[in-house]
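What follows is a single structure, written as structure tokens, with notes after it.
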Amino acid sequence: GWCYHHGRHGVPQNHRKAVEWYTRAAQQDHAGAWLNLGVCYEQGVVDQGVNAAAECYQRAVALADRDEAKRQQRTQRTTTDDDDNKSDDNNPTRNLPTRSTPPPPSTRTLAHFHLGR
């Protein structure tokens, strides 16, 4: 959807197709798709209006919160597993680099921005 929305990566800009692909992804509970669908509604790409956009942003926030909770649970399990395996030289995660740049804004942050919060 994003490539159609912005006309990038060799894909011609086509807002109707962008909304179609965002909708498909949103139906599968993809938080980013709900965010982008809300942007399309807010910008008038399709005639849905700002109320529909706000509903999309709220859905994006809820799904992003759910996804973050799942990530935290996985991190806690991984941390516990790492503590149990500190002396394990075969641990595949022991030499992974740490992130040196800050992550991009989250879907939740962007959805809140669009909601004016």
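The values are calculated or read from the model by the stated rules, or taken from the named source; none is laboratory data. For clarity, every value in this text was computed on a predicted model and none was experimentally measured. Methodologically, a virtual Cβ is constructed for each residue, glycine included, from the backbone with ideal geometry; neighbour enumeration extends over all protein chains shown. Please note that ligands, DNA and RNA were not included when accessible areas were found on the heavy atoms of the full protein model with its side chains. Shrake-Rupley method; radii C 1.70, N 1.55, O 1.52, S 1.80 Å.
What FRET efficiency would be calculated for the residue pair residue 43, residue 66, taking the C-beta separation as r and a Förster radius of 35 Å, to the nearest 0.05? Intermediate results must be reported in sequence, preceding the final value.
Details: r = 26 Å, r/R0 = 0.75.
The pair residue 43/residue 66 has a calculated efficiency of 0.85.
Can you tell me the length gained on complete extension of the stretch residue 28 to residue 77, counting 0.36 nm per residue apart and subtracting the Cα distance? Intermediate results must be reported in sequence, preceding the final value.
On the way: separation 49, 0.36 × 49 = 17.64 nm, distance 2.60 nm.
Once the chain is fully extended between residue 28 and residue 77, it gains 15.0 nm.
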Inset, instruction - For segment 1-42, give the percent of accessible area contributed by carbon and sulfur heavy atoms, probe 1.4 Å, rounded to a whole number. - result: 48 percent
Legend entry - Label-to-label distance, nm, for residues given as residue 109 and residue 50 (7 Å Cα→Cβ offset): 2.5 nm
